[in-house]
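S.K.: Questions regarding the structure given below will be posed in turn.
The values are calculated or read from the model by the stated rules, or taken from the named source; none is laboratory data. Keep in mind that this is a model prediction, so the values were computed, not measured. Methodologically, a virtual Cβ is constructed for each residue, glycine included, from the backbone with ideal geometry; neighbour enumeration extends over all protein chains shown.
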Amino acid sequence: MSIQFRSLTKQYRAGAEAVRDLTLDIVPGSVFALMGRNGAGKTTTIQLLLDLLLPTRGEARLFGVPAAKLCPEHRQRLGYVSENQRLPDWMRVDEFLRFLKPMYPAWDELLTQRLVKLFALPMTQRLDRLSRGQRMKAAFLGALCYRPDVLVLDEPFSGLDSVMRQDLLDALIEFLGEGERTVFLSSHDLGEVERLADTIGVLDHGRLGLHGNIDDLLSHAREVSFLTATPQLPADLPADWWNPVTSPHGTTFTAAVVPDEAALAAAIHSRWPDAGGLTIRPPGLSRYYIDYLRHIEVHPLAGSSTALPS
């Protein structure tokens, strides 16, 4: 496995656990998106993975090696870009690239020139005089030009305009198409996740809840909507009917695991006999994810177990 977590826990002095008993394998060649609300533990998880923080217990592993024992040869296969990336601001862009190149035996000069052209960076400009978007492009340049086997991205597109974001997404998609690269992505942007990721994991107060292959998760779930004159929700709703909401415009929810649509329709009509205009369809990732987050707000223990279909 490229990335592994085993009972990884980070507890701070005040007693709060930022990450709790995280156990997870990231399949080589996959793009894994770590998701969750602000403060869920995503950045802490990445810092533990990169040995920027020490765990309270458990461990993170890269290339089969505990994070604390990574050697320079491992780090030469690892790329990292963060929304709070620190760069040597006194350097010009061209100096920055010349500074990095000797550190990475796999540095690809042709790829460097192609990305420089794509990003249209002012090569003789100092890094501290670049816009935020240009600084992120410089950070991506520094992380992609040696074709790392594992690329870790912590909210890399946060606050960028649509053109800057598209340039970086294009570079990432090209990078992913050139070999078996593993990407570990933390992001709030569902559009980015839908475009890049094949697998997701959702943290809630440091604990991993929902996770799995996106296509598998969505193929087993259904978005439900119908009209009813019943103003109140029944008390006996199944636990895997996420975020049921009734309004004058209709009743909606996401059914997390649906083996049989006919059985689902029958269960709906048994609770809402007057249900009309019933629509049952596969959800998009945005609807699925948001309904899950709202569900675990009301049922917090539900977020501590995996929502993979059996």
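S.K.: Could you pull out the residue among A106, A120 that is in the same structural domain as R165 (by TED's automatic domain parsing) and under 15 Å from L168 (Cβ atoms)? Talk me through it step by step, then tell me what you get.
M.R.: Working: A106 fails: under 15 Å from L168 (Cβ atoms).
Answer to the selection: A120.
S.K.: Moving to a separate point now. Any idea how many residues of the stretch 5-29 are surrounded by 20 or more Cβ atoms within 10 Å (Cβ to Cβ) and under 19 Å from R181 (Cβ atoms)?
M.R.: Going residue by residue through the stretch 5-29, those that are surrounded by 20 or more Cβ atoms within 10 Å (Cβ to Cβ) are 5, 8, 10, 18-20, 22, 26.
Going one step further and asking which of them are under 19 Å from R181 (Cβ atoms), we end up with 26.
The number of residues fulfilling the criteria is 1.
S.K.: So is V193 closer than 25 Å to D170 by Cα, in the same structural domain as G39 (by TED's automatic domain parsing) and not in a strand (DSSP E or B) or not?
M.R.: Details: closer than 25 Å to D170 by Cα: yes; in the same structural domain as G39 (by TED's automatic domain parsing): yes; not in a strand (DSSP E or B): yes.
In short, yes.
To keep it simple, each residue is scored yes or no on (1) buried (at least 17 other Cβ atoms within 10 Å of the Cβ); (2) not small (G, A, S).
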site: G209; (1), (2): yes, no
site: L218; (1), (2): yes, yes
site: E223; (1), (2): yes, yes
site: Q232; (1), (2): no, yes
site: L237; (1), (2): no, yes
site: W241; (1), (2): yes, yes
site: P248; (1), (2): no, yes
site: F253; (1), (2): yes, yes
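S.K.: Restricting attention to the stretch 93-111, which residues are buried (at least 18 other Cβ atoms within 10 Å of the Cβ) and free of Cβ contacts under 8 Å to residues at least 40 places away in the same chain?
M.R.: Once the filter is applied, which keeps residues that are buried (at least 18 other Cβ atoms within 10 Å of the Cβ) and free of Cβ contacts under 8 Å to residues at least 40 places away in the same chain, the stretch 93-111 yields only L111.
S.K.: Also: May I ask you to verify whether W90 is surrounded by fewer than 21 Cβ atoms within 10 Å (Cβ to Cβ) and within 30 Å of Q4 (Cβ to Cβ)? Break it down into steps so the answer makes sense when it comes.
M.R.: Details: surrounded by fewer than 21 Cβ atoms within 10 Å (Cβ to Cβ): yes; within 30 Å of Q4 (Cβ to Cβ): no.
Considered against the rule, which asks whether it is surrounded by fewer than 21 Cβ atoms within 10 Å (Cβ to Cβ) and within 30 Å of Q4 (Cβ to Cβ), W90 comes out as no.
S.K.: Here's something else I'd like to know. Polar (S, T, N, Q), at pLDDT below 85 and assigned by TED's automatic domain parsing to the domain that holds G41: is that true of S162 in this structure? Even if it seems obvious, please write down each step before you answer.
M.R.: Working: polar (S, T, N, Q): yes; at pLDDT below 85: yes; assigned by TED's automatic domain parsing to the domain that holds G41: yes.
In short, yes.
S.K.: Do we have A262 as exposed (fewer than 13 other Cβ atoms within 10 Å of the Cβ), under 30 Å from D198 (Cα atoms), modelled with pLDDT of 95 or more and out of contact with any helix residue (DSSP H, G or I) (no Cβ under 9 Å at 6 or more places or on another chain) here?
M.R.: Working: exposed (fewer than 13 other Cβ atoms within 10 Å of the Cβ): yes; under 30 Å from D198 (Cα atoms): yes; modelled with pLDDT of 95 or more: yes; out of contact with any helix residue (DSSP H, G or I) (no Cβ under 9 Å at 6 or more places or on another chain): yes.
Considered against the rule, which asks whether it is exposed (fewer than 13 other Cβ atoms within 10 Å of the Cβ), under 30 Å from D198 (Cα atoms), modelled with pLDDT of 95 or more and out of contact with any helix residue (DSSP H, G or I) (no Cβ under 9 Å at 6 or more places or on another chain), A262 comes out as yes.
S.K.: Further, regarding this structure: Among the listed residues L168, L218, L237, identify the single one that is closer than 17 Å to Y289 by Cβ and not in a strand (DSSP E or B).
M.R.: Details: L168 fails: closer than 17 Å to Y289 by Cβ; L237 fails: closer than 17 Å to Y289 by Cβ.
Just a single option satisfies the conditions, and that option is L218.
S.K.: Taking the stated definitions as given, is F157 among the aromatic types (F, W, Y) and either surrounded by 16 or more Cβ atoms within 10 Å (Cβ to Cβ) or not assigned by TED's automatic domain parsing to the domain that holds R75 (or both)?
M.R.: yes
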